[in-house]
Amino acid sequence: MRVTDYDDCWLQYDAVEDPAIRSSYRTRCTHVFASTEGPELGVARDELRTGLGGLLGRDPHLWMHPPRSVDGFLAVGRRERMAVVRAAVDAEEIDALHEEGYIVRSVEWEGKDCIVVTAATDKGMLYGVYHLLRRMAARRPLADVDIVEEPKTEERLVNHWDNPFRASVERGYAGTSIFDWEQLPDLRERYRDYARLLASVGINGIVLNNVNTQKPDRPGANPAVAEMEGWQLLRERNLPKVAAIASVFRRHGIRTYLSVNYAAPILAGDLDTADPLDDDVARWWAEKADEVYDHVSDFGGFLVKADSEGQPGPYDYDRNHAEGANLLGRALEPHGGRVYWRAFVYASHKDRSVQAYDTFEPLDGEFLDNVTVQIKNGPIDFQPREPISSLFGSMPETSVACELQITQEYTGQGVHACYHVPLWKETLDTDTYADGEGTPVKDLLSRREGRGLAGVGNVGEDPNWTGHYLAQSNLYGYGRLAWNPDLDAETITDEWVRQTFGNDPDVVEAVSDILHDSWPAVLDYTTGHLGLMHMMYNQDDVLENHYNPSPGEWPGYHGASEDGIGVDRSEYAEQFHSPLSERYASVEDCPDELLLFFHHLPWDHELDDGTTVVQRLYDNCFEGVEEVRSMRDRWAELDDRVDTARHRHVAERFDEQLAHAKHWRDTMVAYFYDHAGIPDAHGRVPRDD
Ligand code: GCV
């Protein structure tokens, strides 16, 4: 049975308690003069009705003309249509504004205290309305507000790894997929609410289905499942379903995309090849694109995982990835569509880290303008921490997007608290030196069509959307960072906590601190905080995959042996621009947190502070558990400040996380001791329990 009673996440709109703030808000926002023309403005009006109704503690009055006999009002509309907007905003300001930008400004007009929200487009106004509501949720003043805001990136996508028809979500920890393909084109209320959540943080694209569009051909794979996989969405009979979902997201300023299978001409068509240089194949894709756009006129485009983990690709025909991607680019080009072509390609290569660069860097300049190469933040696979991908800054002639993982595949899944925003900030702020000093990753993603961010989504059918309540912060934070990668983590955290848990200063401080301590804790007990990779259990098709510790399983990733630990990835270091390449290649200069990613070092190698490698690993694993204990205790203290249901939910998970962190610690320290044979200086290892 589908759940219908679910959470509002950060769109709670709790009533303002402070009388002075409430009165100021009521003066300016009880009466709303809002345009009605476009679909996005309809959404904006609905959101204002809900949001202001909650915040003001009474229903707002919505007007089709400026209200008279009132002390003030909120105006949402175009400058050319509203005198009050003209009084607040110059024409040149609107002309200079990005099409998704907006202005929120207070103005005195005909003796009334007014706020205007305006933009060059309806979508911009919708974003402006969400900004205003966010500000009110944080109880910030409206009397002298003057905000001119534009996104820093053009493409801000959420990628769903949802498997249509099976309703499962690959690496999803929040229940089954929210997309009910059996019932579509019938729509669910949940689609609208999800679209609201995404639009409120500025997401403008959604990929509906998993990049794995076909069950890999491997022993144990269930052949019956292949009949129900995502490649089928391209079939004519399924396109009305796609169109129905797209109609909901469109109203919220979000374009719909599909993951497609490279062999679709064979699977969904009747060709016997998918060779990108074959004329029939090109014709098939062009006709398929026409068909898709007949159903979804503003369709965003295709996302492709090719030649990776069992998915087909151009290598099957001895073609390269530019030839592969451009085939789809040409088909989408007449419709204004875009191909997101993933750089996550690896196979039979001695070290996975170098392969994306080896594959794609030589192809720089060969991709069509409407092809974006989508690059994971790091070279391995969403580990708790990785260096940036060396492809950032190495493809100046190519549109690139950074793929981040919102879902917590390797960071505790649905159980552990792990706030990813600081992790993402680290990636986005890292200087690539591509154009000399001062070329951080985020600048390579900014303000050019086809560049931006893609986040692997974390929502599912759970009533709270994300499985773990605190994981809502990752969805929120992703959206906010995608809109503006310059935002600092603290600002994003503060916004989220206030909107989600209210403005009690003790709660804001405690929850913010917990979130900020959560990633370092996970790093400590899952990696020893020295850059180890893939210490997780790693058997496909089992629930605990990538959750439990299993360091002995894939030693190639972390290099533990009798003589030391870590992997010599000097070849990877060479792929960076100077001075990053030298910094990573040098044991002395490499930052501690990446040391064992780049170097194989003796267990007794001394770090800067005189601690040995093995001792630091022990210390950090123990420290990680204490950090979780502290987070759990701080959360427990909020029991009379947070509502019972949410408090209990998070408290239970902290109990589970603490037990699991101990399991991680004990497994890891035993493993290190087994290889190093060096006891802990504090007598904690070997353990006698
Ligand atoms: C969608 C990792 C994950 C897979 C995922 C893959 C990818 O290997 O474990 O579940 O597949 O990355 O990003 O394509």
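Only the coordinates and a few stated rules stand behind these numbers; no lab work does. Only a predicted model underlies this, so the values are computations on that prediction, with no experimental measurement involved. With ideal geometry, Cβ positions are generated from the backbone for all residues, glycine too; neighbour counts draw on all protein chains shown.
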Give me the percent of DSSP beta bridges within the chain that run antiparallel, rounded to the nearest 5.
30 percent
Positive-pole candidate from TRP519, PHE249, TYR478, dipole of the chain, charges at beta carbon
PHE249
Near the amide H of LEU303, under 5 Å away, which other amide H atoms are found, from residues 5 or more places off or on another chain, if H is placed in the peptide plane?
LEU258, SER259, VAL260, TYR340
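Around TYR317, what is the net charge, scoring Lys/Arg as +1 and Asp/Glu as -1 over all other residues with Cβ under 9 Å from its Cβ?
Values: positive: ARG319; negative: ASP275, ASP278, ASP316, ASP318, GLU323.
That sum, taken over residues with Cβ under 9 Å, equals -4.
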Classify segment 19-149 from the C-alpha gyration tensor, please: rounded if a/c falls under 1.5, else prolate or oblate depending on whether a/b exceeds b/c.
rounded
Assign one of three labels to segment 229-281, namely rounded, prolate or oblate, based on the Cα gyration tensor with a ≥ b ≥ c the square roots of its eigenvalues; rounded applies when a/c is under 1.5, prolate when it is not and a/b is larger than b/c, and oblate otherwise.
prolate
Applying a 10 Å radius around every beta-carbon, put 6-13, 245-252 in order of their mean neighbour count, most first.
245-252, 6-13
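Give the residue list of GluC sites (Glu not before Pro) in segment 425-504 that are DSSP loop and have at most 10 other beta-carbon atoms within 10 angstrom. Mind showing how you got there, number by number?
Values: sites: GLU426, GLU437, GLU449, GLU461, GLU490, GLU495; in loops: GLU437, GLU449, GLU461.
Passing sites in segment 425-504 are GLU437.
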Compute the distance in nm between two label points, each set 7 Å from the Cα along the Cα-to-Cβ direction, one at GLU92 and one at ARG235.
5.9 nm
Compute the length gained on full extension between GLU509 and ASP655: take 0.36 nm times their separation in residues and subtract their Cα-Cα distance, giving the result in nm to one decimal.
50.4 nm
Taking the chain and counting helices only, DSSP H stretches of n ≥ 4 at -39,500 (n - 2.57) each over all residues, the nearest-500 ellipticity at 222 nm comes to -11500 deg cm²/dmol
Charges at C-beta only: +1 for Lys and Arg, -1 for Asp and Glu. How large is the resulting dipole of the chain about its Cα centre, in Debye rounded to 20?
2780 debye
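Quick check: residue separation of ASP608 and MET64 times 0.36 nm, minus the Cα distance between them. What number comes out in nm? Each step should come with its number before you reach the end.
On the way: separation 544, 0.36 × 544 = 195.84 nm, distance 6.78 nm.
Between ASP608 and MET64, full extension yields 189.1 nm more.
Would the chain count as rounded, prolate or oblate if I go by the C-alpha gyration tensor, calling it rounded below 1.5 in a/c and otherwise prolate when a/b exceeds b/c, oblate otherwise?
Details: a/c = 1.75, a/b = 1.25, b/c = 1.40.
Taking the square roots of the gyration eigenvalues as a ≥ b ≥ c, the chain is oblate.
In segment 156-193, which GluC sites (Glu not before Pro) are in a loop and have at most 11 other Cβ atoms within 10 Å, using DSSP for the loop call? List each step's numbers first, then the result.
Working: sites: GLU170, GLU182, GLU189; in loops: GLU170, GLU182.
Within segment 156-193, the qualifying GluC sites (Glu not before Pro) (loop, at most 11 other Cβ atoms within 10 Å) are GLU182.
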Which of the lysines could a cross-linker span from LYS288 if the Cα-Cα distance has to be under 20 Å and same-chain partners fewer than 8 positions apart are dropped?
LYS241, LYS305
